[in-house]
Structure formats: C-alpha cells, structure tokens
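Have a look at the structure below, then the notes.
All of the numbers you see were taken from the coordinates with simple rules; none came from a lab. All values reported here derive from a predicted model rather than from experimental measurement. Backbone-built Cβ (ideal geometry, glycine too); neighbour counts: all protein chains shown.
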Amino acid sequence: MYSNSLFFLRSSLGICPVLDCWQTVRLTLLLILAIGILGCNGQQKRNSLAERRVGGPCEGCEALLEFGDRTLHSTDTLPGFKANTPKIKLTGTVFESDGKTPAENIILYFYHTNREGIYEKRGDETGWGRTHGYIRGWLRTGPDGSYTLYTFRPGAYPSRREPEHIHLTVKEQGTIPYYLESYHFEDDPLLTPAVRDNMRNRGGSGIVLPQSENGILTVHRDLILGMNIPDYN
C-alpha cells in the first residue's frame, strides 16, 4: 500500500512515466475498494455473531456467565444442601418456545438465601458472588432437556416483605442471559394475592408445591424458553 502511494506521489510530481502512473492509480483505487469490502464483511460478521437482547433490564443476569472452567451437568447440588433442612429437589424439563421440544445445551443459574434469609458469603467471593452469596450453582441441559438441582428451602428476607424464593436465570444459544420467574412456594404465607398478581410468569408459573418423594421434598417445574419474555419474538 505504501509503495503504491509512493508511485502515485511520484506521478503527481512528474517523476514516473505516464503509463506507469496510470497503472499506479488503478492499483491504488483497487486496493482502496478491497479494503472497503473487507471492512464491510468484517462488520457484518461481527453483527451476525451478536446475541439477541431479550428479557428487558436484568441486574446481575451476567452472573450466569461466571461458572469459569467448571464442567456443567444436568444434575448438581448447591452448597449447604447437607447441612440444612428442609432439603428440596428441583426437577423438570426445559422446552423450546413451542413448549414441546426438549431444549439441549441450556445453561441454568440458581441462587438463593440461607435459612435466615441472607445471601450468605464466605469472604472469598468474586464477581456477582459478592452479592448473590455462595449458595448458587449452574446446570446445563442434555438432549432430553431435563434438569435436577438438590438444595434446601431458603428463608424469607429478614424484613418479611417478600416471600421465600429461588432465583433463576437462563442462557440459550443466540441470546443474552435473561431471568425466569423465581420459584415461590404455594404454602408460604407471604405469597399473598398481591404478590401473585404481580408475577409475570416468565418461562411459566414459578409457584410450586413441594411433595415428598423418596424421602425428599420434590418440586416439579417445566420451563418454556421465551414464554412471556419481552422482545423474544
């Protein structure tokens, strides 16, 4: 490019032959055109790789991406499971937006309070762990879309202004992380009609009723990607 520019400069000063000068001008123009085309193609490629922004504002949704070098599975256990009661098992299937097709390779991020309603920290947390605490974890669905998480029932905030709940964020291919309706418990006295009316049922209803199965309280909840999610379609 620089040598071509030099030839062009020499031609404008009358230093090179006329034929060579026209060839230099032609090559320079072709080079400029090629650079422009490559730049456009690169921009289009970057745009095609951009993830869809769905779900609206979501403070802390990026915490879903903090699993680092962990190998994620469709079944896991949150910290504190052994030491706390009542223990619960969350299980179900993640479906595509049609509500029928199992969704594979979906990342789920869970976090909740301890039994006292505090997002408990150990002191070595990084990133969003400094806010969400250490009682958190990640799952990745397999071909059948199923997920299972072992944890314990969280406590309500000390203020008692909100019912007990387990936060849930989801990441599917081609979208940014977005949150789904938290798990709420049907038998929680803080789950008032006003709270119920304010729910948006993102991914489906989050109200669940644990039932004893094989010695552990079990919650069945299927998740539907994109359901009641702003800007999804």
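For this structure, a couple of remarks:
- Formal net charge of residues neighbouring LYS87 (Cβ-Cβ distance under 13 Å; K, R +1; D, E -1): +3
- All-pairs alpha carbon distance profile, region 111-233, 10 Å steps from 0, percent: 11, 39, 39, 12, 0
- Environment charge of GLY204, counting only residues whose C-beta is closer than 11 Å and scoring Lys/Arg +1, Asp/Glu -1: +1
- Where both bridge residues fall in region 94-233, DSSP classifies roughly 85% of the beta bridges as antiparallel.
- Three-way shape call for region 109-161 based on the alpha-carbon gyration tensor, with the a/c threshold at 1.5: oblate
- The fewest-to-most ranking of HIS165, HIS112, HIS73 by surrounding Cβ atoms within 10 Å reads HIS73, HIS165, HIS112.
- Sum of side-chain charges, ARG130 neighbourhood, beta-carbon under 14 Å (Lys, Arg +1; Asp, Glu -1): -3
- If the chain linking VAL195 and ASN214 were pulled fully straight, counting 0.36 nm for each residue of separation and taking away their Cα-Cα distance, it would gain 3.7 nm.
- In straight-distance terms, cross-link reach from LYS100 covers every one of the lysines whose alpha-carbon lies under 29 Å from its own, apart from those fewer than eight places away in the same chain; here that gives LYS89, LYS171.
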